[in-house]
Amino acid sequence: MNNKIKLAVAGAVFSAASVANAGIIIPAGDWTIDINGNVNAFAIFDNKEDLKAGTTVTGGLANYEDASSEDNSYAINTGLLPAWLGFTGTTRQNDLDVSFTISFQPNVSDNQSSGMGDTLTPLNRQAFVTFGDKSWGTVKLGKDLGIFAGDAILNDMTLLGVGLGGGRSGGVTTLGGIGSGYVYPAWRGQISYTTPNMNGFQATIGITNPDQGQAGNGGYHQDRFGIEGKVSYSWTGDVAGKVWASGASYDRTGAAATTSAGAAVTYIQDDFTTTAFDIGASITAGNLGVVGYYYDTDGAGTTLNLLGGDGVYGVANGTTVKKRDGDGGYVQVTYVIPTGTKLGVAYGVNKLDKASTETAGDMVDKNERWTVGAYHPLTKSLNLVAEYNRAEAEAQNGNDADSDSISLGAILFF
């Protein structure tokens, strides 16, 4: 059960009563194979409030009217979690605990009128090996959830549901609280070391694959490995919980580029180091659960880590653009009622400041989210889910947009 999304959901996010605690276990000689995963789907109804004519909020997470000026939209889609099929093998060899995990994530949405044009590429989010011993710790090599901000998404109640980003047919997943409570940790190639559990205390340090200027990253690339780390302390008892802090650093090298921000200009991208820090706590007392989380970034953007962290709006021709600062967080309260249903309410916000070299434009200033959810365990494996989400987006120049969504569906873990 090491390092799988189901374990993260069952152990770090929701109580054992909400989801199954074991996959399909198959003994195979010296190995134990665990086949695990989930399938989920939601009907999502979204209503968008009108923006003023000709205005936008670039990077805003509130949905806008479509090309037909239609206020309402509908989708059948996965939620924040994609459908998931994972395989984990574990064994003990030469006084080492050795394991591998491989997973892939198909989708449930097809946006073609014929129903035969499924062009969404399945995701492949995990492929890694681990080795170690409880006496000295564990080494991981391969692709898995990022270290920085990983606990933020694993403690988000919308991991069983939808959150923001619903109402658009044909998406692979929704956003949950990504961009409205925390920055996406992403799935990163990494080599990391985690200490043994020392009376509740653990630490992880790792290097991550350099970002080489993928589409949408404005030409930036990294000239060294990213560095990410985390420390945490967990305790049990009548009042149980976990506190953690994590951080990240990435050196980024820029280049001359052309953009359109009111008028086409040529600007120079400054070389800079992106830094990020967060701190959070998750506490349970009986049926009550509380999560509090805060992050601060310098050049990391506001929704997807490392995208949108440089200020290019309203810059003069030939300007060397600088990085943007951001911060945000979320507060979440859940309570399990006698029927076993988990009720929850959450508020989250991500804010992004202007860089010193840019003027106010329609780039997002903040994204806010309110979520009210109900998660009912129909069986130990199957949860029925109902959520209401309110999204509010505001641009640096005062443009704003709002949308409301309701989602109804189910998620099955095995």
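The values are calculated or read from the model by the stated rules, or taken from the named source; none is laboratory data. If you're wondering where the values come from, they're calculated on a predicted model, not measured in any experiment. Virtual Cβ from ideal backbone geometry, glycine too; neighbours counted across all protein chains shown.
For Ser135, all conditions in the list (1) modelled with pLDDT of 95 or more; (2) of a type in the set (Ser, Thr, Tyr); (3) out of contact with any Ser or Thr (no Cβ under 7 Å at 6 or more places or on another chain); (4) more than 28 Å from Ala245 (Cβ to Cβ) hold save one; what is the number of the exception? All conditions are met except number (4).
Among Gly89, Gly117, which is at pLDDT below 90, in contact with an Asp or Glu (Cβ under 8 Å, 6 or more places away or on another chain) and over 30 Å from Tyr375 (Cα atoms)? So the residue among Gly89, Gly117 that is at pLDDT below 90, in contact with an Asp or Glu (Cβ under 8 Å, 6 or more places away or on another chain) and over 30 Å from Tyr375 (Cα atoms) is Gly117. Scanning segment 71-99 for residues that are assigned to a strand (DSSP E or B), in contact with a Gly (Cβ under 8 Å, 6 or more places away or on another chain) and among the aliphatic types (A, V, I, L, M), we see that the one that is surrounded by the fewest Cβ atoms within 10 Å (Cβ to Cβ) is Leu96.
Filtered by the rule that a residue be surrounded by fewer than 18 Cβ atoms within 10 Å (Cβ to Cβ) and part of a loop (DSSP other than H, G, I, E, B), segment 323-340 gives Ile337, Pro338, Thr339, Gly340.
Among the residues of segment 218-247, write down those that are at pLDDT below 95 and touching a Gly at 6+ places or on another chain (Cβ under 7 Å). Break it down stepwise before answering.
The initial filter retains those residues of segment 218-247 that are at pLDDT below 95, namely 218-226.
Hits for segment 218-247 are Gly219, Tyr220, His221.
If the condition is being over 15 Å from Gly301 (Cβ atoms), in a loop (DSSP other than H, G, I, E, B) and of a type in the set (Ser, Thr, Tyr), then segment 170-195 contributes Thr173, Thr174, Thr195.
Close contacts from segment 366-383, counting a first residue that is more than 14 Å from Met157 (Cβ to Cβ) and in contact (Cβ under 8 Å) with a residue 24 or more places away in the chain and a second that is surrounded by fewer than 23 Cβ atoms within 10 Å (Cβ to Cβ) and of a type in the set (Phe, Trp, Tyr), with Cβ to Cβ under 8 Å and a gap of 6+ residues or different chains, come to Glu368/Tyr347; Ser381/Phe414.
Residues that are outside any loop (DSSP other than H, G, I, E, B), within 22 Å of Leu306 (Cα to Cα) and touching a Lys or Arg at 6+ places or on another chain (Cβ under 9 Å) within segment 130-162 comprise Lys143, Asp144, Leu145, Gly150, Asp151, listed in sequence order.
So which residues in segment 146-175 are under 10 Å from the mean Cα position of the chain (by Cα) and over 15 Å from Ala62 (Cβ atoms)? Across segment 146-175, the qualifying residues are Gly146, Ala149, Gly150, Asp151, Ala152, Ile153, Leu154, Asp156, Leu159.
Evaluated against (1) buried (at least 17 other Cβ atoms within 10 Å of the Cβ); (2) closer than 22 Å to Asn389 by Cβ; (3) modelled with pLDDT of 90 or more, Gly60 falls short on exactly one condition, (3).
Can you name the residue in segment 92-105 that is of a type in the set (Ser, Thr, Tyr) and modelled with pLDDT of 95 or more and, of all such residues, is nearest to the chain's Cα centre (by Cα)? Reasoning before the result, please.
Looking only at segment 92-105, we keep the residues that are of a type in the set (Ser, Thr, Tyr), and these are 99, 101, 103.
Keeping just the survivors that are modelled with pLDDT of 95 or more gives 99, 101.
Numbers: Ser99: 25, Thr101: 20 Å.
The residue in question is Thr101.
Looking at Ala255, is it at pLDDT below 90 and touching a Phe, Trp or Tyr at 6+ places or on another chain (Cβ under 6 Å)? The answer is no for Ala255. Looking across Gly37, Gly29, Gly23, one residue alone is surrounded by 21 or more Cβ atoms within 10 Å (Cβ to Cβ) and at pLDDT 70 or above. It is Gly37. The set of residues in segment 184-217 being at pLDDT below 95, among the aliphatic types (A, V, I, L, M) and more than 13 Å from Ile147 (Cβ to Cβ) consists of Ala215 alone.
Each row is one residue, and each column tells you yes or no for (1) in contact with a Ser or Thr (Cβ under 6 Å, 6 or more places away or on another chain); (2) buried (at least 23 other Cβ atoms within 10 Å of the Cβ); (3) part of a strand (DSSP E or B).
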site	(1), (2), (3)
Arg369	yes, yes, yes
Leu384	no, no, yes
Asn389	yes, yes, yes
Glu394	no, no, yes
Asn397	no, no, no
Ala401	no, yes, yes
Ile406	no, no, yes
Ile411	no, yes, yes
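Can you confirm whether Tyr388 is of a type in the set (Phe, Trp, Tyr) and within 26 Å of Asn36 (Cα to Cα)?
Details: of a type in the set (Phe, Trp, Tyr): yes; within 26 Å of Asn36 (Cα to Cα): no.
No: the conditions fail for Tyr388.
Could you grab me the full set of residues in segment 300-322 that are over 18 Å from the mean Cα position of the chain (by Cα), part of a loop (DSSP other than H, G, I, E, B) and not polar (S, T, N, Q)? Break it down into steps so the answer makes sense when it comes.
Looking only at segment 300-322, we keep the residues that are over 18 Å from the mean Cα position of the chain (by Cα), and these are 310-322.
With the extra rule that they be part of a loop (DSSP other than H, G, I, E, B), the set shrinks to 311-319, 322.
Hits for segment 300-322 are Gly311, Val312, Tyr313, Gly314, Val315, Ala316, Gly318, Lys322.
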